[in-house]
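Single-structure report; data block below.
Any read-out appearing in this document is the output of simple, stated calculations on the displayed coordinates, not a laboratory observation. Note that the structure is predicted; figures quoted are calculated from it, not measured. Every residue, glycine as well, gets a Cβ built from its backbone with ideal geometry; the counts of neighbours run over all protein chains shown.
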Amino acid sequence: MIRPRSLNLTPTSSFSTTTTNSGKPTIVSSSSIQVGPVSPPATPLLPSSPDSMVSPSIFPSPTTSSRSMSIRENVQVIVRLRPHSNKEQQQLEQPCWITGPEPGMIQQLQTRKGQSSVFQYDSVVSGVDNELVYHTGIGDLVRSTMAGYNGTVFAYGQTASGKTYTMNPGREFMLRVSYLEIYKEKIRDLIGDNDQLIPEIREDKKRGVYVKNLHEEIVTSAQQVLDVIKKGEDNRHISATDYNTYSSRSHTILQIVIESRSKDVYTPEQGSVRVSQLNLIDLAGSEKATSDVERRKEGGYINKSLLSLGNVISQLIQKMHNEKVHVQYRSSTLTRVLQTALSGNARISIVCTINPTWRSKDESLNTLRFAQRAKLIRTSAKMTKINEHSELQKCLSTIAELQTKMQEKTEQEFETKERLSHLLGLILTSSKNAPPTVAAVSKLADRVITGDSILSHSTMQEVFAQCEQGLTATREEMFELQQSLEKAHKTTHEQNAYIKKQRQQLEHYSQSIEALEKELSSCHRDRDEYSQQVQEYREHIKELTSRMASLENELVSSQEKQDDLVHVIATREDQDHEQVSELKLLTESLQEQVNLLHEQLEERLEEQELSSLASSTSSVTLSIPSVKQYDNEKQQEEYHHYQQQQQMEAEKEKVEQNSRHVEELEKILATCRESLNEKEIASLAVEKKLKTCMETLNKKTTELLITKKQLEEERHKKQTEMVTMTITSSQQQQQQHDNNKSQQQKLNIPVIYGGAWTILAATAMYAFSISC
Ligand SMILES: Nc1ncnc2c1ncn2[C@@H]1O[C@H](COP(=O)(O)OP(=O)(O)OP(=O)(O)O)[C@@H](O)[C@H]1O
């Protein structure tokens, strides 16, 4: 059970877009939505009784000169929260939303972290009652379509959130109903025959974007409308998905064209015909991927079109803020079909349906955000009237004129007949009473010849003669009358033939108009396509030129880079050469030093050997003298020996020093050799790298030159194509122009080109459909 909590909301000047953790909810809404109770729609609600349907806001007073009145307002947004389904109840799904705390608000239930959010719309409804939804906002919109304003109601929301449930209508006031679905981006007539033409999207200045070749059912009762809906629903694409047993797999549009005009339409002064259209759209639900492949494909199309609907709405909002944006109505069939409604000339209500469970929280939030964005769109619905000076009115005047003439002729014929029968009566009376009595003669004389003087001065014979004369005169008069009657008959016949001919001619005109309109629209389409293609080619050429420029820049910079690298390589080589020659010199000098030291060492060693040899020889020689001498000599010898030993030690030390020096020098030499090797390896690697760089650069340069050539060829080709196309387009336009002119001359209709012609043609067609 959902237990509503009382919330302490303090209105602020603008809504915050954050969610607090304090347990207090924050209003999450756009700044354009008012705090506190939502202000009623800008349009006054239309009264339900026909008597009171003269509200000055929508119904202009007859004296109003302005022919198009606008209803300026924001899109009405109603959020509908459906109850838990049986399945959801069985699965003990947790509720996520409650309505309130104030009218038009919906609140997310607190999480364990204590977060909560409140959203505000024109109204928020819950429960099973559809009536409530209609009375909340849709009824007003539908009633205003009866007054000549376009209206669109669409249900938006996650799959199984209740769109179809909400949109099942039952209304009594429609005249012509069509029902289409957009399935996988294609339009399908849901109530048409199999052999009818394929529905196509067309654009007309007066009607805006509309779907051609749709079967339209003329309805006079609610039951007929329901029958049309039933027929359409049976043909609609519905399948069982992971989320909904009867899931709508297409967007459907139930279109009701409401025509209104004064009863006495044949009198041109009676005013214009009002035409409006009510679109009831049941969108397919946004959804996550489902397990079935086909359903997944369908889902892809559905999500893509819903995304483009969202984008179009965002672009419209940006445009309203004077940002230069192109609204991409053509990005999906849905947005293209809804172009007229979305571009402002319609009042719009959106029912955003959300799922009550936590499991669907993200989707519900997405829907609510969509609702917020949609709320910002401002529309300006205009009453559509058929122009007083239109072809329709001309046709109506001609028909009225002919009818008056016919009436006159009929009256004339009646009068002549009366006179004739009167004269015949006279003749019959006179022939029945022959020979006439005085009374009969006098009666005759009374009737035929006026004046009493004739009776008083004439005999019966004279009266007779006069009667005879009168009779002859009457006969002559009768003959004349008969002739004039025949003439009148002939004239009436001629007039009838003329009327018939006029009707046929009018029919012929409207057929020609239709054909011309068709040709013109196809010509417009071709021209649009051509100009679009030319534009695309221009952009492509521009792109190619800029790409070429950037490639040329790249080429120049890579050549500069190449030059730099060559320079660096040369410098590096010079440095390396210098270093190598320095190292060689160093190595040579070191080698010389080492050699010198080796020589010195060898010399020393030789000297040392020689001295030791001499000392041993002298010791051997000294061992021969007398004992006397021996002491002195021994002392001398010892001293000498000591000196020699000292000298030898010093020499030894020197040799050791030298050998250490040699070792050090050898070490330095080895290090030098190693570094020389390293340098040589590094220079080899650098050389290799440079070679690779050069190769890459050469390759890139060749590629760039090839690409440049290709681009130039392509640019040349595109330019040639563009020129050919422009010529073809202008030739076609000229041809079309000539055709139109010759057709016009044939029909003897004043030549009007372009949009005005299309409008007049459409108007005439419309008038014809009504008059027939
Ligand atoms: N307000 C409501 N009260 C009672 N039942 C409802 C309500 N809204 C929807 N339902 C039920 O919920 C189920 C799903 O509704 P519905 O088919 O209208 O969803 P949907 O949004 O049109 O889904 P989809 O377009 O993706 O197929 C239906 O069984 C419907 O009867």
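The Cβ shell under 12 Å around I499 holds other residues with a net charge of +3, Lys and Arg each +1, Asp and Glu each -1. Taking 0.36 nm per residue of separation and subtracting the Cα-Cα distance, full extension of the segment from E656 to L596 would add 20.1 nm. The residues neighbouring L376, those whose beta-carbon lies less than 15 Å from its own, together hold a net charge of +3 under the Lys/Arg +1, Asp/Glu -1 convention. What FRET efficiency comes out for the pair K487/Q511, r = Cβ-Cβ distance, R0 = 45 Å, nearest 0.05? In this case the efficiency is close to 0.80.
With each label modelled as a point 7 angstrom along the Cα→C-beta vector, the E687-Q90 pair spans 8.5 nm.
Summarising the label geometry, the points placed 7 Å from Cα in the beta-carbon direction at N213 and K700 lie 5.5 nm from one another. Each other residue within a Cβ distance under 13 Å of I191 adds +1 if Lys or Arg and -1 if Asp or Glu, for a net charge of -3.
If the segment from E200 to M320 were pulled out straight at 0.36 nm per residue, it would be longer than the present Cα-Cα gap by 40.2 nm. A viscosity of 1.306 mPa s and a temperature of 10 °C, combined with the Kirkwood radius over C-alpha pairs in the Stokes-Einstein formula, give the stretch 88-219 a diffusion coefficient of 85 µm²/s. Placing a pseudo-label 7 Å from each Cα along the Cα-to-Cβ vector at E476 and D234 gives an inter-label distance of 7.9 nm.
Backbone amide hydrogens, once placed in the peptide plane, bring K212 within less than 5 Å of E200, I201, R202, excluding anything fewer than 5 places away on its chain.
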